[in-house]
Amino acid sequence: MGPMRLYENTAGQFELVLQAGTTGVDDLIEQLGHEPNGYFWEGAAQLLVGAQAPALADRLTYDPEGGMFVAYSHDRTALEELEKLMAPVVTSEVHLRQLISSAQATDFIFDD
């Protein structure tokens, strides 16, 4: 299992959780000038959804904290799609570098 978990927290309400500081790319995030916290991962999710799956944007709600990233939805499929988008960035330095480069090219500011 990876660092992300999908839960049903109440009937019909789901959440995708990533514990900040538990990924294999945390050191690289810091080397690139960011904090590997929940706010960074919210920015990553927003970038990925905006670029690759804009139809998901209205189906997700984010609630990050310093120690974790959480996305909520009543639509489990939307969170499963978000997890698939985020998994390569969470586990691969190559994908993380690509994401950071994309953010810089578009003047995206991470709120980390």
- When the accessible area of segment 1-52 is computed with all protein chains present and a 1.4 Å probe, what percentage of it is carbon and sulfur? 45
- Query: In deg cm²/dmol and to the nearest 500, what is the mean residue ellipticity at 222 nm of the chain if only DSSP H runs of at least 4 residues count, each as -39500 (n - 2.57), divided by the residue total?
  - Reply: -14000 deg cm²/dmol
- Task: Express the accessible area of segment 1-90 per residue in Å², computed with a 1.4 Å probe while the remaining protein chains stay in the model.
- Result: 49
- Query: Roughly how many whole Å is it from the C-alpha centroid of segment 1-18 to that of segment 38-61?
  - Reply: 16
- Got a number for carbon plus sulfur as a percent of segment 68-112's accessible area, 1.4 Å probe? 52
- Query: Between ALA51 and ALA11, what is the label-to-label distance in nm when each label sits 7 Å out along the Cα-to-Cβ direction?
  - Reply: 4.1
- What does the charge count near GLY43 come to, summing +1 for each Lys or Arg and -1 for each Asp or Glu among other residues with Cβ under 12 Å from its Cβ? -4
- What nm value, rounded to one decimal, do you get for the distance between ARG97 and THR61 when each label is placed 7 Å out toward the C-beta? 3.9
- Report the percentage of all Cα-Cα pairs in the chain whose separation exceeds 21 Å, rounded to a whole percent. 29
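The values are calculated or read from the model by the stated rules, or taken from the named source; none is laboratory data. No experiment lies behind these values; they were computed from the predicted model shown. Positions of Cβ are generated from backbone atoms using ideal geometry, with glycine treated the same way; all protein chains shown enter the neighbour counts. Surface areas here come from the heavy atoms of the whole protein model, side chains and all, with no ligands, DNA or RNA. Shrake-Rupley method; radii C 1.70, N 1.55, O 1.52, S 1.80 Å.
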